[in-house]
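**Student:** Pasting in a structure now, in structure tokens, and then I'll have a few things to ask.
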Amino acid sequence: MEYYLNFIAAFPDVQSLAAVSEEAVLSVWKGLGYYSRARNMHHTARRVVQNFNGIFPATYNDLIGLKGIGPYTAAAIASICNNEAIPVVDGNVIRVFSRIFGFMDVVGSSTGYRKVFEKSAGYIKYSEPGTYNQAVMEFGALQCKPRQPLCDQCLFQKSCYALMHNLVEQLPQPAKSILKKERFFHYFLITHPEKGILMQKRGAGDIWQNLWELPLVESGKLRPIEEVIESSGLEGEGNLIRQFSFTDHKHILTHQLIRARIFVLPKAKLRSDPLPPLTWQKDPLKNKLPLPRLIDKYLKRVQDESERIK
């Protein structure tokens, strides 16, 4: 709720969201994860301003063409806001229909989605499609729950396939779990009394696109600083690792597990100004630089510790 209120306060309408830079959007979104959603919202806001005169479309066909809006979101907006009879299919709806009608398809399969969509389309109330869609979703969330559903209080007791065949716990069939990819990040905290903290901006094609982080070396395992410095590309006056400490961190993403080792190099001095993408950033927290949650939490802890010592 706090994130939502902050976002609405910063961007109260489509026009205000479209008018700012992507970095400004990411800064407000910082800490929520799923940064592609923030980028998609920003892209879509600009398209709505340019192609729809700033009026957010309400029909399914217009909505589905906007970046970041898939079939579920488009159907929800179209039915609830525009009374268009398009069935919503989410996890709750799939569970309700799979159990009642005995659909054996794996969650997430195109065949399973189509069966649920077509079956729901036959029941949707054309006078109140939004109410119907919300009712089915709520029924799945409150009554036909994933675990310990309230079957003894259910109005579908006598017609539910799963209940009659003792398959309530087995339906819908879950998708195979995806193994998380494990990655090992070695970060360096290098500071300058006037210039700030040495940082770099992440590029496209990977996690945390366009967010700022500390200088990084990734490898197949966590390694000692002597090995990491050799492949870092950093050059210092004298010995970069004359004095250092480090902390290990674990950061869990949807499909990735990040194991990070952050080296603090208080005595490090660069021979010259760093080359891009490395650059000095003066007080990134105060200036609301968009940071991955891992780096944001770490810098806040360093800042709090420094203030406590003072």
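The values are calculated or read from the model by the stated rules, or taken from the named source; none is laboratory data. Since the model is a prediction, treat every value here as computed from it, not as a measurement. Reconstructed Cβ throughout: ideal geometry from the backbone, glycine too, with neighbour counts over all protein chains shown.
**Student:** Please go through region 243-275 and pick out each residue that is polar (S, T, N, Q) and out of contact with any Pro (no Cβ under 8 Å at 6 or more places or on another chain). Steps first, please.
**Tutor:** Filtering region 243-275 for residues polar (S, T, N, Q) gives 243, 245, 247, 254, 256, 272.
The answer is Ser245, Thr247, Thr254, Gln256, Ser272.
**Student:** Sticking with this one: Condition (residue is under 29 Å from the mean Cα position of the chain (by Cα) and of a type in the set (Phe, Trp, Tyr)) applied to region 139-151: is it met by at least one residue?
**Tutor:** yes
**Student:** Moving to a separate point now. Go through region 278-310 and report how many residues are exposed (fewer than 13 other Cβ atoms within 10 Å of the Cβ) and either modelled with pLDDT under 90 or of a type outside the set (Asp, Glu) (or both). If you could, list the steps in order and put the result at the bottom.
**Tutor:** As a first pass, look at region 278-310 and keep what is exposed (fewer than 13 other Cβ atoms within 10 Å of the Cβ): 282-283, 286-287, 300-301, 304-310.
With the extra rule that they be either modelled with pLDDT under 90 or of a type outside the set (Asp, Glu) (or both), the set shrinks to 282, 286-287, 300-301, 304-310.
Result for region 278-310: 12.
**Student:** I've got another one for you. If you take the residues in region 1-29 that are of a type in the set (Gly, Ala, Ser) and within 15 Å of Phe56 (Cα to Cα), which one is farthest from the chain's Cα centre (by Cα)? Can you show your working first?
**Tutor:** Residues of region 1-29 of a type in the set (Gly, Ala, Ser): 9-10, 16, 18-19, 21, 24, 27.
Now drop any that are not within 15 Å of Phe56 (Cα to Cα), which leaves 16, 18.
Values: Ser16: 22, Ala18: 20 Å.
Top of the filtered list is Ser16.
**Student:** Moving on to the next point. Can you tell me which condition Leu171 does not meet? The list is (1) under 28 Å from Ser79 (Cβ atoms); (2) in the same structural domain as Pro87 (by TED's automatic domain parsing); (3) assigned to a loop (DSSP other than H, G, I, E, B), and all the others hold.
**Tutor:** Failed condition: (2).
**Student:** Mind checking which pairs have a first residue in region 277-305 that is not assigned by TED's automatic domain parsing to the domain that holds Pro193 and a second that is part of a helix (DSSP H, G or I) and of a type in the set (D, E, K, R), Cβ under 7 Å, 6 or more apart or different chains?
**Tutor:** Qualifying pairs under 7 Å: none.
**Student:** Sticking with this one: Which one of these does Ile124 not meet: (1) in the same structural domain as Ala74 (by TED's automatic domain parsing); (2) without any contact (Cβ under 8 Å) to a residue 24 or more places away in the chain?
**Tutor:** Failed condition: (2).
**Student:** OK, next. Free of Cβ contacts under 8 Å to residues at least 12 places away in the same chain, at negative phi and charged (D, E, K, R): is that true of Glu118 in this structure?
**Tutor:** Values: free of Cβ contacts under 8 Å to residues at least 12 places away in the same chain: yes; at negative phi: yes; charged (D, E, K, R): yes.
Yes, satisfied.
**Student:** Which residue is surrounded by the fewest Cβ atoms within 10 Å (Cβ to Cβ), if the candidates are limited to region 235-277 and must be at pLDDT 80 or above and among the polar types (S, T, N, Q)?
**Tutor:** Among those residues, the one meeting the criterion is Thr254.
**Student:** Out of curiosity, is Arg114 in the same structural domain as Pro71 (by TED's automatic domain parsing), within 19 Å of Pro174 (Cβ to Cβ), at pLDDT 95 or above and in contact with a Cys (Cβ under 8 Å, 6 or more places away or on another chain)? Can you show your working first?
**Tutor:** On the way: in the same structural domain as Pro71 (by TED's automatic domain parsing): yes; within 19 Å of Pro174 (Cβ to Cβ): yes; at pLDDT 95 or above: yes; in contact with a Cys (Cβ under 8 Å, 6 or more places away or on another chain): no.
No: the conditions fail for Arg114.
**Student:** Looking for something among the β-branched types (Val, Ile, Thr), assigned to a loop (DSSP other than H, G, I, E, B) and not assigned by TED's automatic domain parsing to the domain that holds Ile295 - is there at least one such residue anywhere in region 28-43?
**Tutor:** Taking region 28-43 and keeping what is among the β-branched types (Val, Ile, Thr), we get 28.
Checking which are assigned to a loop (DSSP other than H, G, I, E, B) leaves us with none.
No: region 28-43 contains no residue that is among the β-branched types (Val, Ile, Thr), assigned to a loop (DSSP other than H, G, I, E, B) and not assigned by TED's automatic domain parsing to the domain that holds Ile295.
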